[in-house]
Ligand code: GLN
């Protein structure tokens, strides 16, 4: 039986909505499959599920496997985008990456070759790889990891060496994307070095609690409410959350937008970060994935939470 641990008391309504969502999510874990195209990810226990909430007053709640470490995978694309906006600015960040949902799988190469030289958005592999290539001129892995630690309020974030090795050995599609971008003259640096840094950033180890903190910073306009530090400029947060809303769950983003209506980003490690309105972050972890590569349990739990707590961005 998973442990339920509660910290500062929440309102009974919010607490019971979370408990229900946790049970609903947990019940569907068996319907998903863990990612196995990166062999190390196949070792995850598909029954795992954890939910964490953190709000601006310091209320927190965590249910189930909220302290289990897993690789951040595509959720790192939010951090990469935030950092690119910070060091390169909006114009340069979007000079070689667009802002459109691709309607394709996260690692698709098809439209990139046939329809556009620029990746469709920064939250799919091609877009993140492009941003990493320009960032790499200025920053190394440790500096980017420090930014991730600050955003997630988690000093223990580090590289999961086994996942990194596994990504490095099996990441030929991502290398192909980097080389394709290079062949089009879009990627400026060395495709191998860029792919290597991208693999490392996907292999940062986080927990559902770290993702709740990241969600809170985004929900709170980029400000860490506990330290007063403005980690991401407000106007950049607007851009990031808009892209999370439209592109954060790969080719399930439209349906998630309708059903849940919250800026969110998933990763094939099973993570999901959500940044609803009202200075609140929700982090979820469930490695059993659906056909799109999103956590089945996390998506179901968020559907419930959104309905019960009125989290949808367009509910009045
Ligand atoms: N490292 C993974 C990949 O590039 C990240 C993809 C994901 O989480 N969707 O294939």
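Could you give me the radius of gyration and the Dmax of the stretch 187-280, taking only the C-alpha atoms into account and expressing both in angstrom?
Here Rg and the maximum Cα pair distance are 14.6, 42 Å.
On C-alpha positions alone, give me the angle between the axis of helix 141-151 and the longest principal axis of the chain, in degrees, nearest 10.
Orientation of helix 141-151: about 30 degrees from the principal axis.
Just to be sure I understand the model, the point goes 7 Å from the Cα along the line to the Cβ. What's the resulting residue 92 to residue 183 distance in nm?
Each label point lies 7 Å from its Cα, and together they span 2.9 nm.
I need the shape label for the stretch 141-239. Rule: rounded when a/c is under 1.5, else prolate if a/b > b/c, else oblate, with a, b, c from the alpha carbon gyration tensor.
oblate
Restricting things to alpha carbons, tell me how big the stretch 57-127 is in terms of Rg and Dmax, in Å.
Answer for the stretch 57-127, Rg first and Dmax second: 16.0, 49 Å.
Once you order the gyration tensor axes a ≥ b ≥ c over the Cα atoms, which shape class does the stretch 60-100 get: rounded for a/c under 1.5, otherwise prolate or oblate by comparing a/b with b/c? Could the numbers behind the result be given before it?
Details: a/c = 3.43, a/b = 2.87, b/c = 1.19.
It comes out prolate by the Cα gyration axes.
Run the helix sum for the chain: -39,500 (n - 2.57) per DSSP H stretch of 4+ residues, divided by residue count, reported at 222 nm to the nearest 500 deg cm²/dmol.
-14000 deg cm²/dmol
Taking square-rooted eigenvalues a ≥ b ≥ c of the alpha carbon gyration tensor, is the chain rounded, prolate or oblate, where a/c under 1.5 means rounded and, failing that, a/b exceeding b/c means prolate?
Prolate shape, in that a/c is at least 1.5 and a/b is the bigger ratio.
Once both labels are modelled 7 Å past Cα along the beta-carbon direction, what's the residue 27-residue 233 spacing in nm?
Here the modelled spin labels are 4.7 nm apart.
Can you tell me the orientation of helix 234-247 relative to the chain, as the angle in degrees between its alpha-carbon axis and the longest Cα principal axis, to the nearest 10?
Rounded to the nearest ten degrees, it is 90.
What ranking do 153, 244 get, fewest neighbouring Cβ atoms within 10 angstrom at the top?
Sorted ascending by nearby Cβ count, the order is 153, 244.
In the stretch 150-168, whose amide N lies under 19 Å from the spot 7 Å out along Cα-to-Cβ of residue 141? List them in ranges.
Zone members listed by number: 150, 155-168.
Could you work out how far helix 191-202 tilts from the main Cα principal axis of the chain, as a 0 to 90 degree angle to the nearest 10?
That works out to roughly 0 degrees.
Values in this text are rule-based calculations from the coordinates and carry no lab data. Small disclaimer: the values here were computed from a predicted structure and weren't measured. So basically every Cβ, Gly included, is an ideal-geometry build from the backbone, and we count neighbours across all protein chains shown.
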